Structure formats: structure tokens, C-alpha cells
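To keep things clear, I will list the structure first and then write my remarks on it.
The values are calculated or read from the model by the stated rules, or taken from the named source; none is laboratory data. Nothing here was measured: the structure is a model prediction, and the numbers come from that model. Every residue, glycine as well, gets a Cβ built from its backbone with ideal geometry; the counts of neighbours run over all protein chains shown.
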Amino acid sequence: MNRFPLWKNLLVLLVLGAGLLYAAPNLFPDDAAVQVSRLQSGEAVSNAALDQVRVALERADIAVKEAVLDGGNALVRLSDRNQQLAAKEVIERTLNSTREAYIVALNLAATTPDWLRALGAKPMKLGLDLSGGVHFLMEVDLATAIGQRLSIYQTEIQRGLREARIRYREVGLLPNGQGISLRFADPEARSAARDWIQDQYDQWVVAAREADGAWLLELRFSEGALDQLVDYAVSQNLTTLRNRVNELGVAEPLVQRQGRDRIVVELPGVQDTAQAKNILGKTANLEFRLEADAGDDAPGSERFGFRDPTRGSAELEREIVATGENVANAQSGYDENGMPQVNISLDSEGGRRMHQATRSNVGRRLGVLFVEQKVRYDEQERDGEAVREPVTYTDRTIISLATVQSALGRNFRVTGLDSPQEAAELALLLRAGALAAPMRFIEERTVGPSLGKENIALGTRSVLVGMGLVLVFMGLYYKLFGLAANLALMANLVLLIAVMSVLSATLTLPGIAGIVLTVGMAVDANVLIFARIREELANRMSPQAAINAGFERAFTTIFDANLTTLIVALILYAVGTGPIKGFAVTLSIGILTSMFTAILGTRMVVNWMYGGRRVDRLAI
């Protein structure tokens, strides 16, 4: 009696063994590191730059554990975490003296043994308050967002007036960039255009006036329409940033709106802060335009250079056929010549516009413009000294100009990219969605791992003290049964850490509070079981029968109690944000692992102690 079959013993031991294996990486803390990457995608950090960094750190008495090139980036591991911020400053000062642009970011370099990583074992990610991370405050460029929307409306109105056979002289933007100006040769055409615009659109405040012998209409956004446009731009950027963070694989990030035109992004426990900043800040997009008719600087066209300077430049129509916003899916790959390419699928609207534009233009060339926000460093004088200040500008270059052989649909490919890395990055950006407007970093705060050291120490101490008190109490009060419960409690802690590591859950300070609470709650099930066993013994039941009855009859109570707590934890996760979610995740996992260890783990140990033999008295 009270003996598990072999398979059940093996199952419990197998689960515990897997828990020990996948919790083991947490015994290998990450090294504090500084990562250096080139600002422009596809460019690698040179050995010369890495040597400069080594020499500069040596002169600053900063101990370097290892400095290597990894995938085009430089990773500098430090011996002392307290020197991480100082090392970042030294590297930035050293590299900014050159004319090349770099991203220098704090990082954490894994020290997990290769054999564990080969099994997919990795340590838990620590939150911003424990291991550090990156905090960005980003501002949406509303002026550019309004300008982009006005350009779209300008094209639509021109096309609509032509289709309605209303003659106009010119359609352009107002000098202040806040509206559209239409010029007509006579008041009748202006009146017809005004009626058509008011019938087609409801967002314009229309004003008529005369100037220089021409009849004008001036269209300005109504207050409600402007607020709607701003809200759309910020909301679209918010969604896009969340998609990009998801593509980066960051666990439990914080991406939320702040005020009218700002967005806060926090990436706790991020493994590649340089890539994160590069991806989040990128406004890389595509524009598909037909090549303009022959002639230099033809009306309604713009001239752009090729990414390959040897190919010169080309004239493209101002009218945009489709943009990256119309991309439904994008995957990087290789063409038949082994060169990098991006395979693109457009949404229904983009596919329709692409088909309309190309079916009547077979034999003409279709250009693919790569639109990217870049940074250059201009020398300016400040307080009598020359300083290099970053200046953001929009760069448009042609990456492909191919002849349309037949009408295109939703699926096609883009070639002309410099490297597989750039193709992968462009596919990621298009897949995650295009930003509705450019964004700029107005605040960047990096929390170094050393700042979370005290929180880690206090959190670890609270877990150890809480667990120690529980172990002592259970051992003294329940004796041998208390020993079984204590073994189950330690197994529960191992399984909890293992599951969080496998799920890549981020551990925060509230998460540690959830672990402390789990330690206390984990023995509740054992207390209920042991109390039931003592009751059955008091009712003169035999020791073996009392053990069996205690575990069997307490199960329903244990299940109900844990189920209600689990429901509360799930609600906290659903409605909470940030720290609340971290607490809810830890608590939920702790409830599930504690039920397993308390019911099966404790029962297995008790069976080993008393099962299959005559027992006259229980040490309970």
C-alpha cells in the first residue's frame, strides 16, 4: 500500500531532472559588456576600430575580459560591472572622434556553457529594475506626418478633378505646409471644384480668394480632422513599435503613449540593445514609382540617385503607386544569382493599385525607392569650440529600376540590396509595419546592471529568509513529513525557475515578491494533507490508510483553493501592466509547479519512507 508504480516515480524524477537542467543556466550570471555597431545597416565594425577601443580602455584603467568581433558588431566583455558606464563613455568618446557613426550600447553577454545552450537552456531574463535595460522616450514628427498626408490628398484631388473634367491651373501645398492651394483660370471652375471637394471630403475648411488675376481655393484641415490625423500617426507608430519589439523577441516590454505625440519604450533584460535602438528608430520604407517620361527634370517628376553611385540617377514620377504601408508580408531570400532579395506580398489595396499602374504601362520601368532616416555629423561652433552634432535627414535612393514585362499583382520581389543582413532588416521593418511618421529619440536612459545589484541582493535575501523560516517550521512541526514537504518545496523553487527560464519570462522585483508568496503558499497543500492525515489517525484509522486518505481526500480542497488563486493571477495579467504582469506571471507558474510538487512530489517521498511495509506510528 502507498507505493507508486515505476512509471510514476520515473515521471516525477524526469520532471525534476529537466527542471534542474533548465534552471542551471541561472547559476552563470551574464557578463557586463559594451556592444559597438555601425549606425548604417550592412556595415561592420573594423578591426582597427576594435583596436582603438582596446587601447582607450587600457589607458582608462578599465579591465577588459574579452573584446571580439561578432557578426559585424564588436562586443567588449568587462571584468567589473561597476565600470560598464565608464567604459561606454570612453568608447563613445574614442569612436566619435572619427568621421564614422557608431551605436555604443550597454549589453549583457551570456556565460552559459555551450552544452547547455545546445539543449536550449538559457537563464531567466531580468527586468529593468534588476539587470538594467534601455528606456527610450520617442517623439513623433507631426509636421512630417501632416506633410505626408497632404501630399497624398494633393495627388488624390488632382486625379479626381481630372476625372470630373474640372480644369485647374495648379494644385500645390500652402507655404506654411498646413494645407493645399488650388489655382483656377475662372470662377466657374473654382465653384465646380469647391462643390466637388465638399461632396467628396468632410475634413477640409475651404476658403476662396483671388490673387494675381487667378481664382484660388485654400484647403485646411478642420480642428477635428487634424486631431484625428495626429492620433492616427501616433497610434500607427505605437502599433508599429510594438510589432518591431515583438520581432526582436523582447519579453514583457513596455510600449505606451505619453501625451499628445510621445511614446515610451522600455526593453528590460534586452540582449542586444544596439540592434533594438537601430530597429526602433529606423523609418526605412519603400516607395514604388513609375519612371518619368523622357526629358530632364520633367514636370511632375523627381530625380533620385541609385544606391550604386556608378549607375547615376533617374527621373521618377511624383505619384506613388504603393508604399511599405501596403506590405502584408515580407521575407528575405536570395535570387537565382545568389544575391539578397526581399519577397513582398501586398495587401488588397496595394495589389489593386500596383495592377492598375502596371497593366497600362507594360514596357516602362518601375522604380523601387528605399526611404531611410539617416544621421550625419556636422561640425558646429559652440563656445568657441568645434563640436560634431548629429543631424537627421531623409535619404531616398533607387535600389531597383526594372522594366515591367507584364501587369504585376500582389506578389513580387525587390533586389539591389547590399547584403543579406540588410535584406533581413528591410523584411523585418516591412513585416512589422511602416512608421506613419518619422520619430526621433529625445531621451535615452540606460539602466546598468550595477544599479539593480541592490534589488537583486534584497530580493534574493527575502526569498532565502522566507524559505528558511518555512523549512524550519515544517521540519519542527511535522517531523519526517515536514522533511518530505521541505524537499518538495525546494523542488518547487527549482521547477519555478526552470519554467520561467524556458518561457523566457522576465523576472522583476514584483516577480521576486511573487516567488516569496509562492514559497509560503507552496506548503499550504502539504499542511492541508498533513492535517487530514492527523484527523484520520485521531479517528483510529491505520497509518497506511490515513496516509492514503489524507492525500486522496485533501485533493479537492487543494485544487479549489489553487484554482481560485490562479484565476485572480490571470485577471491581474489581463488587466495589469508592467510590474503587475511580472507578479502575475510568477504567481501563476508558482501555483502550477507547487501543485505538482505538493501532490506528486511529497507523496513520492512519503511513499519511499512508509510505503510497502508495516507501520505502527507516523512521525507527524
Next on the checklist: I'm trying to understand the selection: among the residues of segment 262-276, which are touching a strand residue (DSSP E or B) at 6+ places or on another chain (Cβ under 6 Å) and modelled with pLDDT under 85?
Outcome noted: 266, 267, 268, 269, 270, 273, 274, 276
Checklist outcome for this item: Considering only strands (runs of 3 or more DSSP E) wholly within segment 98-191, the ones with at least 1 residues that are in contact with an Asp or Glu (Cβ under 6 Å, 6 or more places away or on another chain) are 102-109, 133-140, 179-184
Checklist entry - If you go through segment 396-413 one residue at a time, do you hit one that is aliphatic (A, V, I, L, M), surrounded by fewer than 19 Cβ atoms within 10 Å (Cβ to Cβ) and modelled with pLDDT under 75? => result no
Checklist entry - Which one is surrounded by the fewest Cβ atoms within 10 Å (Cβ to Cβ), of the residues in segment 558-587 that are part of a helix (DSSP H, G or I) and small (Gly, Ala, Ser)? => result 574
Checklist entry - Only one residue in 45, 90, 68 is assigned to a loop (DSSP other than H, G, I, E, B) and modelled with pLDDT under 90, so which one is that? => result 45
Item to check | Qualifying residues in segment 313-352 (those that are surrounded by 17 or more Cβ atoms within 10 Å (Cβ to Cβ) and without any contact (Cβ under 8 Å) to a residue 40 or more places away in the chain) - the one nearest to the chain's Cα centre (by Cα) | outcome: 326
Checklist entry - With (1) in the same structural domain as residue 21 (by TED's automatic domain parsing); (2) crowded, with 19+ Cβ neighbours inside 10 Å; (3) among the aliphatic types (A, V, I, L, M) as the list, and residue 439 as the residue in question, which single condition is left unmet? => result (1)
Checklist entry - Can you find a residue in segment 456-479 that is crowded, with 22+ Cβ neighbours inside 10 Å and in contact with a Phe, Trp or Tyr (Cβ under 7 Å, 6 or more places away or on another chain)? => result yes
Next on the checklist: Going through 198, 203, 178 one at a time, which residue ends up being of a type in the set (S, T, N, Q), surrounded by fewer than 12 Cβ atoms within 10 Å (Cβ to Cβ) and out of contact with any Leu (no Cβ under 6 Å at 6 or more places or on another chain)?
Outcome noted: 198
Checklist outcome for this item: Scanning segment 195-250 for residues that are closer than 30 Å to residue 441 by Cβ, over 22 Å from the mean Cα position of the chain (by Cα) and aromatic (Phe, Trp, Tyr) gives 221
Checklist entry - Can you name the number of the only condition in (1) under 30 Å from residue 265 (Cα atoms); (2) not assigned by TED's automatic domain parsing to the domain that holds residue 217 that residue 140 fails? => result (2)
Checklist entry - Residues of segment 479-494 being closer than 18 Å to residue 466 by Cα and of a type outside the set (Gly, Ala, Ser), which ones? => result 483, 486, 487, 489, 490, 492, 493, 494
Item to check | Conditions (1) in contact (Cβ under 8 Å) with a residue 60 or more places away in the chain; (2) surrounded by fewer than 18 Cβ atoms within 10 Å (Cβ to Cβ): number failed by residue 172 | outcome: (1)
Checklist outcome for this item: Residue hits (segment 22-72; closer than 30 Å to residue 497 by Cα, surrounded by 15 or more Cβ atoms within 10 Å (Cβ to Cβ) and among the aliphatic types (A, V, I, L, M)) are 23, 24, 32, 33, 34
Item to check | Filter pass, residue 436 being at pLDDT below 80 and part of a loop (DSSP other than H, G, I, E, B) | outcome: yes
Item to check | Condition check for residue 244: in contact with a strand residue (DSSP E or B) (Cβ under 7 Å, 6 or more places away or on another chain) and of a type in the set (D, E, K, R) | outcome: no
